[in-house]
Every structure is written in C-alpha cells, then in structure tokens.
1. Given only helices, namely DSSP H runs of n ≥ 4 each adding -39500 (n - 2.57), what is the per-residue ellipticity at 222 nm of the chain, to the nearest 500 deg cm²/dmol?
2. Two-decimal Rg/Rh of region 204-252 from alpha-carbon positions, Kirkwood Rh?
3. Which angle from 0 to 90°, rounded to the nearest 10, does the C-alpha axis of helix 52-63 make with the longest principal axis of the chain?
4. What do you get for GluC sites (Glu not before Pro) in region 224-305 restricted to DSSP loop and a cutoff of at most 15 other Cβ within 10 Å of the site's Cβ?
5. Expressed as a rounded percentage, what relative contact order does the chain have, with Cα pairs under 8 Å and six or more residues apart?
6. With each label point set 7 Å from Cα along the Cα-Cβ vector, what nm distance links GLU113 and LEU238?
7. Helix 129-143 versus the longest principal axis of the chain: what is the Cα-based angle in degrees, 0 to 90, to the nearest 10?
8. Restricting things to Cα coordinates, could you compute the convex hull volume per residue of region 1-132 in Å³?
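Just so you know, all these numbers are worked out from the coordinates, no wet-lab data involved. Not measured: the values here are computed from a predicted model. Glycine gets a Cβ as well: all are built from the backbone with ideal geometry, and neighbour counts include every protein chain shown.
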Amino acid sequence: MTRHFLSLADQSTEELRALLDLARQIKLFPPTFAEACAGKTLAMIFQKPSLRTRVSFQTGIFQLGGQGLYLGPTDIQLHRGETIADTAQVLSRYVDGIMARVFAHADVAGLAEHGTVPVINGLSDLLHPCQVLADLQTIEEKKGGLRGLKLAYVGDGNNMAHSLLYGGARFGMTVSISHPRGYAPDADVLTRAREIAASTGGAIQVTEDPREGVEAADVVYTDVWASMGQEGEHSERLKRFEGFQVNADLMGCARPDALFLHCLPAHRGEEVSAEVIDGPQSAVFDEAENRLHAQKAIMVRLMAR
Ligand code: CP
Ligand code: NVA
C-alpha cells in the first residue's frame with residue numbers, strides 16, 4: 001500500500017519517532033542523504049501562497065538528489081475544473097511523489113485516494129502536519145524531550161491547533177488550546193486527539209481563558225487570527241480575538257524558561273507582540289529551518305530509492 005503523510009493522527013508514535021530521529025540525522029549529516037532521492041520528482045501543488053513550504057520542499061528535494069516541480073494555483077487544470085481524481089492519476093504517471101497545499105482537506109485526501117504515489121499534506125484548511133513535525137523537532141532540540149511537556153496554543157482553533165493537538169497527543173504531551181468563544185477546534189479532531197492522548201499518557205485541555213491555558217506552559221504557540229482564505233473576516237476577527245495576543249504579560253503565566261513558537265507568517269501587534277516574537281524566548285527561525293530537515297525526512301521515508 002502506498003504510504004502518505006496527510007495527518008499526524010494516521011501515523012503511529014513509532015513512525016513519528018523514526019521520522020524525528022531521521023530529521024535529526026539529516027540535519028547533522030546532510031551529505032549522507034545527497035543521493036537518497038536521486039532521479040525522483042516531487043510535484044508541488046499550491047492552491048494558496050507559501051514561503052516556507054514552497055522553498056523548503058523545493059530545496060529539500062534538490063538536496064536529496066531529486067527535483068521539485070512547482071504547480072501554482074493557475075498552472076494546472078484543477079482551477080479550470082479538472083478533477084482531483086484525474087489530476088492524481090495523471091501526475092502518478094510522471095512523478096514519484098505529490099505535495100499539495102489546498103483549501104479543502106478532501107482534496108489532498110483525494111489525491112492520495114486516486115493516485116498511486118505518496119502524497120504529502122503541505123497544509124489544508126483542516127491540518128498542517130509538516131509544520132508540526134518541524135515544531136516537535138524544535139521542541140525536542142530546545143527542551144531535550146517531549147513527553148510530559150505542556151504546549152499551550154493560544155488563538156484560532158484552526159489547522160495549526162488541530163495538528164498540534166494530534167502531534168502533542170502522539171508524544172504524551174499536555175496540549176492546551178485557549179480560543180475566543182466561537183473559534184474552538186473541530187469537535188471530531190478534539191475527540192480523536194483525546195483518544196490518542198489517552199493511549200500515550202498525554203492530556204488535552206480547552207479553555208476560553210488564555211491565562212489559564214498558558215499557566216505553567218513549557219511551550220507557548222500562536223498563529224494568525226485570519227488564515228489563508230479568511231482575509232474577508234480579518235477586521236471582525238481583530239475584535240473577537242482581543243485579549244488573545246501573546247505578549248510579555250501572557251508569557252508571564254508560562255514557565256520562566258518557556259519557549260515561544262509560531263508557524264509564521266506572523267502579524268506583530270496582532271496575535272503576538274514584537275517583544276515576544278523577537279525576544280529571547282522565541283525560536284521561530286530555528287522552527288522555520290526545521291521545516292527543511294523534517295520534510296527531507298518525510299521525503300526520504302516516502303520516496304527514497
Ligand atoms: N508555516 C508555513 O507553512 O509557512 P508558508 O505558508 O510560508 O509555507
Ligand atoms: N493557519 C494558517 C497557517 C499558515 C502556515 C493558515 O492556514 O493560513
């Protein structure tokens with residue numbers, strides 16, 4: 001059966017452990033992997049903009065000896081009505097893997113269902129698993145482990161919140177989500193994350209009080225208040241998310257050595273103050289760098305010769 005990387009809920013803790021170990025090796029000894037995907041092509045479908053995902057996948061596959069093919073929103077026939085099923089079947093005749101950034105999660109799942117090559121979720125409205133693999137790598141580097149740590153996510157119950165719930169639960173972390181009323185994480189994702197946490201010794205907490213959510217956290221995480229595709233809600237969300245900014249005052253509720261993470265792009269003065277994201281507790285650029293190493297691990301695992 002073709003393996004994919006669509007959701008951290010689909011991966012066992014052992015598989016994710018192996019990916020994190022491989023990502024560490026790749027980061028330490030990149031030349032060792034210079035031929036791992038020699039001659040392989042990764043098609044990269046983007047229905048939305050990207051800095052990190054696009055550049056880290058394209059350079060990542062190049063560093064593994066392969067090539068990346070950028071397929072932007074108007075480059076292929078999807079936007080003119082060609083189906084996901086046909087796109088998947090055609091691409092599978094040419095390339096060795098597909099990375100896709102989409103709106104509807106069903107589209108990336110559909111590529112996996114109808115194609116015959118591995119599919120990697122480069123962000124959907126529901127999930128962002130590549131980001132969280134890099135986040136877990138970063139936390140492990142900075143904190144020396146994952147199990148038992150408290151990760152406090154503050155903000156919208158969006159794709160980032162969902163993947164952090166799954167990723168944290170997989171490694172026995174306590175994941176707390178603080179969100180404004182009306183912006184809770186998806187109920188099915190919460191149920192699944194709680195099931196996973198129950199099997200790993202982790203815990204899931206949800207609150208509308210950010211100070212309670214961040215209390216004694218080892219890692220504080222936030223994301224934009226209006227995700228890609230929600231630009232029209234931006235001004236309404238600015239009002240609804242008041243009090244949910246990660247600033248020095250809120251960081252004061254976390255442990256004194258707490259790490260600050262953000263998937264980026266960030267909006268200073270909205271979800272995070274400049275003082276925090278540019279301050280000594282922030283590891284956002286190490287986190288962004290780890291996208292490269294973590295995704296190279298995913299590609300080696302799914303596409304290597
Ligand atoms: N964090 C992240 O996925 O960034 P991009 O949208 O720039 O790819
Ligand atoms: N929640 C954000 C994440 C960007 C990496 C979005 O979907 O736009």
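1. On the way: 12 runs with 130 residues, N = 305.
Here the helix-only value at 222 nm equals -13000 deg cm²/dmol.
2. Working: Rg = 12.3 Å, Rh = 12.2 Å.
Rounded to two decimals, Rg over Rh is 1.00.
3. Tilt of helix 52-63: around 40 degrees.
4. Values: sites: GLU231, GLU233, GLU236, GLU242, GLU270, GLU271, GLU275, GLU287, GLU289; in loops: GLU242, GLU270, GLU271.
Counting only loop positions with at most 15 other Cβ atoms within 10 Å, the GluC sites (Glu not before Pro) in region 224-305 are GLU242.
5. On the way: 633 pairs, mean separation 62.0, N = 305.
For the chain, the relative contact order is 20 percent.
6. Between GLU113 and LEU238, the simple spin-label model gives 4.0 nm.
7. Around 50 degrees separate the two axes.
8. Working: hull volume 14.1 nm³, N = 132.
Dividing the Cα hull volume of region 1-132 by its residues yields 107 Å³.
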